[in-house]
Amino acid sequence: MTTSTAERALELTAARLPFVHATVVRAQEPTSARAGDDAVILADGSIEGFVGGVCAETSVRAAAMDTLRNGDSMLLRVLPEDSAEFPVAPGALVVVNPCHSGGAIEIFLRPVLPKPLIGVSGSSPIGQAVTALADFLDFEVTRDYQGAAAVVVAGLGRDEERAIRAALDARVPLIALVASHTRSMILLDAMGLSPEERDRIRPHAGIAIGARTPKEIALSVLAEIVQELRTGALAAPAVTPAASHAEAAAFAKAEPEFVAGPTLPVGPATSPTTAAVQAAETAIDPVCGMTVVIGPDTPHGVVGGQDFWFCCPGCRIKYTKA
């Protein structure tokens, strides 16, 4: 990773902004990129750095959106139009660029997503065990519930109602209450919760594994949270492209010539508990067939009352005049 890209990656990670680190691993002349060139692509589709000319960059930005949505790394191979067929393999994507200069290029795309936030209330042995195990599972523990994927209430009778109310007001989708079935029902009934609020609370939280010690109970509670994240039933609030662009601008240090197009999302690899990211939408250029990221700088035209997006002004002119 180049120094400037590494610094930018640290800034984005600290700001909890999702992005993709793209690295050129092989380049065949006459492409303008060289092995080792790299860039970061943000969640709104913008790119900072250099991984090739406009055609290669367009394909990189579009593929980066897929990696942000599924959290999987990808090897992207960009080929000229007359290139021999390249076998498709898991984790690899092949695109053919009709406007490519003629050389082939391979780029490794690695998404870096913010760790999901887990709120923990209570300094009991169970609360301490949850905090320690959450760190091991690549959660980020917070005492501020805003944006949290889940909150574990482990006060064991101390300050539980306040913690539950704060988590509900913060729109936390899952609140795990560590208490017996009987005490959970008494506590929740006394709070006068709405049906929607009650549905977000898991009384006597945790998967039934026969847990007895604080560490075992913490394991059962976090296992339930991971299960919800894995199955898609639970997700932290998504990072929207608009928010990413606004916050990214505040942290930007890249030179203007290294920024092109609209904006989309290096650090630790994504984990099973990584929160979902809302990436920018893409469209197919009706002239050349390239996949392009839809953004404010993407060439756009309306034909027959239908919107179309293009890889370059040339394709737009050709199509709108057809």
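Kindly indicate whether Asp37 is at pLDDT 90 or above, under 20 Å from Val292 (Cβ atoms) and among the charged types (D, E, K, R). Judged against the criteria, Asp37 is not a match. Checking region 297-314 against the condition returns a match, with at least one residue being within 30 Å of Gly147 (Cβ to Cβ) and at pLDDT below 85.
Residues of region 99-108 include at least one that is outside any loop (DSSP other than H, G, I, E, B) and under 20 Å from the mean Cα position of the chain (by Cα). Restricting Asp138, Asp199, Asp159, Asp169 to those that are within 30 Å of Gly36 (Cα to Cα) and not assigned by TED's automatic domain parsing to the domain that holds Leu68 reduces the list to Asp138. Looking only at region 17-33, filter to residues that are surrounded by fewer than 22 Cβ atoms within 10 Å (Cβ to Cβ) and at pLDDT 90 or above; which one of those is farthest from Lys115 (Cα to Cα)? Taking the candidates together, the pick is Val25. Report, by residue number, each residue of region 10-64 that is in a helix (DSSP H, G or I) and in contact with a His (Cβ under 8 Å, 6 or more places away or on another chain). Scanning region 10-64 gives Cys55, Ala56.
Could you go through region 146-153 and let me know if any residue there is in contact with a strand residue (DSSP E or B) (Cβ under 9 Å, 6 or more places away or on another chain) and assigned to a helix (DSSP H, G or I).
Within region 146-153, not a single residue is in contact with a strand residue (DSSP E or B) (Cβ under 9 Å, 6 or more places away or on another chain) and assigned to a helix (DSSP H, G or I).
If you check Thr131 against the conditions, is it touching a Pro at 6+ places or on another chain (Cβ under 9 Å) and either outside the structural domain of Pro18 (by TED's automatic domain parsing) or of a type in the set (Asp, Glu) (or both)? Against the criterion (touching a Pro at 6+ places or on another chain (Cβ under 9 Å) and either outside the structural domain of Pro18 (by TED's automatic domain parsing) or of a type in the set (Asp, Glu) (or both)), Thr131 does not qualify.
The values are calculated or read from the model by the stated rules, or taken from the named source; none is laboratory data. Nothing here was measured: the structure is a model prediction, and the numbers come from that model. All Cβ positions, glycine included, derive from the backbone under ideal geometry; neighbour counts span all protein chains shown.
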